[in-house]
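Derivation of every value follows stated rules applied to the coordinates shown; laboratory data play no part. Please read these numbers as outputs of a predicted model, since none were measured by experiment. No Cβ is skipped: glycine too gets one built from the backbone with ideal geometry, and neighbour counts run over all protein chains shown.
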Amino acid sequence: MTETERISATLKEGKVYVNLESRPEAGKLLSRGYGEKVDGKLELEAWEALHLVKEGLLEVSDEAGEKLG
């Protein structure tokens with residue numbers, strides 16, 4: 001995962017999810033202590049996702065696919 005490559009994630013019901021099957025590099029976040037694996041997805045708390053967005057590692061969209069600021 002390079003610094004310019006952001007992992008796409010989706011905000012749903014107050015949690016942020018990354019599909020580990022389509023984005024296996026997200027497993028590196030899990031190995032670094034972020035989130036937990038739930039049903040083949042990386043589930044992040046909002047504060048974890050906010051930190052990763054700030055670091056330029058994550059890009060979050062809503063369920064309709066609209067990118068969040």
note = Log entry, pairs with first residue in the stretch 43-55 being closer than 15 Å to Ala26 by Cα, second being of a type in the set (Lys, Arg) and surrounded by 14 or more Cβ atoms within 10 Å (Cβ to Cβ), beta carbons closer than 8 Å, six or more apart or on different chains, reads Glu43/Lys15; Leu44/Lys15; Glu45/Lys15
request  = Go through the residues of the stretch 28-38 one by one and say whether even a single one is loosely packed, with under 13 Cβ neighbours inside 10 Å, in contact with a Leu (Cβ under 7 Å, 6 or more places away or on another chain) and either free of Cβ contacts under 8 Å to residues at least 24 places away in the same chain or closer than 16 Å to Val60 by Cβ (or both).
outcome  = yes
query = Of the numbered conditions (1) within 12 Å of Leu11 (Cα to Cα); (2) of a type in the set (A, V, I, L, M); (3) surrounded by 11 or more Cβ atoms within 10 Å (Cβ to Cβ), Ala64 satisfies every one except a single condition; which is it?
reply = (3)
